Protein chains: 2
Amino acid sequence: VLDRNKRMADAIREDLRRRGCFMVNIIGSPGCGKTRLLVELLALIGGGISCAVIEGDLATDNDAQRIRKTGVDAFQVMTGAACHLSARDIEHALEHLSIQPKTLVLVENVGNLVCPSMFDIGESLRIVCLSVTEGTDKPQKYPVSFREADLAVITKSDLAPYVDFDMEACREMISRIKPDLPFLVTSAKDGSGLKELIDRIVAAWRDKQVATD
Amino acid sequence: VLDRNKRMADAIREDLRRRGCFMVNIIGSPGCGKTRLLVELLALIGGGISCAVIEGDLATDNDAQRIRKTGVDAFQVMTGAACHLSARDIEHALEHLSIQPKTLVLVENVGNLVCPSMFDIGESLRIVCLSVTEGTDKPQKYPVSFREADLAVITKSDLAPYVDFDMEACREMISRIKPDLPFLVTSAKDGSGLKELIDRIVAAWRDKQVATD
């Protein structure tokens, strides 16, 4: 299963690259603020970059609806009982979205800090999100999600005063798991870190395009 | 796999029942506050009931260590890549804990609102936890966890003033998924709802013992 998924993911990645597109896979626990982060990122990007969103959930198309309100096209994958998105889900979603050349495809995976880490969906950048309300020791407890990520994003930093979260200890834990993993602190509510996050995504896109052109 | 797991779970349940014990399976997202809830429940129970705890995590024995500080015996199952506890994990853990007759066995499952719902571990009461920081629509998005639970516990109610969480809308969503599912609002930080939660667990234990004696 993993082998077949990997082959399909490679084909998706290559197809997107040829069209100048770039796919980001966003992973994190239920309720860590992935959708809200996406909504605010899209608002900040405005018309600057052509974007499309793929939403993964077990049930409901609530998230795709929230995204569409920003004016960006979104496709909702409902996985039923499946705890992660697969490359096949993405292939199906891409058929339904009319992706223009040079589009940034943002994928919100099923809320789960475990299973989605095992499945390549054809992305070129994988972001793992962790909200300050989840507690400092989560990287230690879910190491695979961090090891397999290209960027760690701390969300809901506005709530830090109300919870026991030690940002420095968390950063240290992450660096023990993957020393070179970049680390960004954000709040979709007060906007902090969002501009930097967009810059990082765009820089990764540019680097990938240069490396493979 | 599910069939074999179910048979083993039934055997565990029956064995615990014969010894007057009762097992509770606590499910919820990473960082929804399951461990903290357990720590405060154990403090409140004090010596009143003999307790033992089984902790499930992919990695680290942080949680078992936290529990042992309360004076209660705890066994840590490290699942590696597995996203849920199985009946076999519990069988193994029970061999390592010396369970006295009439012990309340509290199991904290791997932080995951999806996969643990599919696996009976031999519990007689299943609790699904949802923290107010995760957002109102989680029951709708993870219906199986709520459908398969015997009790829904809202955690971190002390943070409600700082986040957008609509308690009544959440309660309504849950009742649409499972109309008779009891619903308790708790905060491990300020202690609200904890006494009621213990009372419910003890009542369920008593009912089960009466029903099967």
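The accessible-area loss of the stretch B:67-116 on complex formation, taken against its chain alone with a 1.4 Å probe, reaches 40 Å² or more at B:V114. Across peptide A:150-160, the mean count of Cβ atoms from other chains lying within 10 Å of each residue's own Cβ comes to 1.
Within a Cβ distance under 13 Å of B:Y162, other residues only, what is the Lys/Arg minus Asp/Glu net charge?
Details: positive: A:K156, A:K189, B:K156, B:K189; negative: A:D158, A:D190, B:D158, B:D164.
That works out to 0.
Exposed loop sites were defined as trypsin sites (Lys or Arg not before Pro) in DSSP loop states (anything but H, G, I, E or B) carrying at most 16 other C-beta atoms within 10 Å; in chain A the longest segment without such a site runs A:103-213. With its label point put 7 Å out from Cα toward Cβ, B:H92 sits 3.4 nm from the same residue's point in the other copies, in order from shortest. Rg then Dmax, both in Å and based on the Cα atoms of the stretch A:61-186: 15.9, 44. The alpha-carbon atoms of the protein assembly as shown define a convex hull whose volume equals 135 cubic angstrom per residue.
In chain A, carbon and sulfur make up what percent of the accessible area (probe 1.4 Å)?
Working: 4410 of 8660 Å².
Carbon-and-sulfur percentage of accessible area, whole number: 51.
The stretch B:152-213 to the stretch B:1-27: how many Å between their Cα centroids? Measuring centre to centre over Cα atoms gives 23 Å.
Counting only alpha carbon atoms, the long axis of helix B:167-177 and the longest principal axis of chain B meet at about 60°. For a straight C-alpha distance cut-off of 20 angstrom, the lysines reachable from A:K6 (same-chain residues fewer than eight places away being disregarded) are A:K208. Computed over protein heavy atoms with a 1.4 Å probe, the accessible surface of the protein assembly as shown works out to 41 Å² per residue. The equivalent ellipsoid that matches the C-alpha gyration tensor of chain A spans semi-axes of 25, 19, 18 angstrom, in descending order. Distances from B:R176 to itself in the other copies, using label points 7 Å out along the Cα-Cβ axis, amount to 4.4 nm in increasing order.
Taking beta carbons within 10 Å but only from partner chains, what does the mean come to for residues B:126-134?
Working: counts 0, 0, 0, 0, 2, 5, 2, 11, 9.
Partner-chain Cβ atoms within 10 Å, mean over residues of B:126-134: 3.
Its DSSP H runs of at least 4 residues, each contributing -39,500 (n - 2.57), put the calculated 222 nm mean residue ellipticity of chain A at -12000 deg cm²/dmol, to the nearest 500.
Against chain B, whose longest principal axis comes from its Cα atoms, helix B:2-18 is set at around 70 degrees. With the convex hull drawn around the C-alpha atoms of the stretch B:35-111, the volume per residue stands at 78 Å³.
The lysines whose alpha-carbon is closer than 28 Å to the alpha-carbon of B:K156, local same-chain residues fewer than 8 away aside, are A:K34, A:K138, A:K141, A:K156, A:K189, B:K34, B:K69, B:K138, B:K141, B:K178, B:K189, B:K195. Accessible area buried by the pairing of B and A, both sides summed with a 1.4 Å probe, works out to roughly 2700 Å². In the assembly of identical copies, A:K208 has its label point, taken 7 Å from Cα in the direction of the beta carbon, separated from the corresponding points by 4.8 nm (ascending, one decimal).
For chain A, what relative contact order do you get, as a whole percent, if you take Cα pairs closer than 8 Å and at least 6 residues apart?
Values: 414 pairs, mean separation 52.6, N = 213.
The value is 25 percent.
If you count, for every residue in B:137-144, the Cβ atoms of partner chains within 10 Å of its Cβ, what is the mean?
Numbers: counts 8, 3, 1, 5, 11, 10, 3, 4.
The per-residue average across the peptide is 6.
What residues of the stretch A:15-54 lose no less than 50 Å² of accessible area with every protein chain in place versus their chain by itself (probe 1.4 Å, heavy atoms only)? Output list: A:P30.
Relative to the longest principal axis of the Cα atoms of chain A, the long axis of helix A:194-212 makes an angle of roughly 50 degrees.
The values are calculated or read from the model by the stated rules, or taken from the named source; none is laboratory data. This is a predicted model, so every value here is computed, not measured. Every residue, glycine among them, receives a Cβ derived from its backbone with ideal geometry; neighbour counts consider all protein chains shown. The protein model used for the area step is the full one, side chains on, heavy atoms only, and it has no ligands, DNA or RNA in it. Shrake-Rupley method; radii C 1.70, N 1.55, O 1.52, S 1.80 Å.
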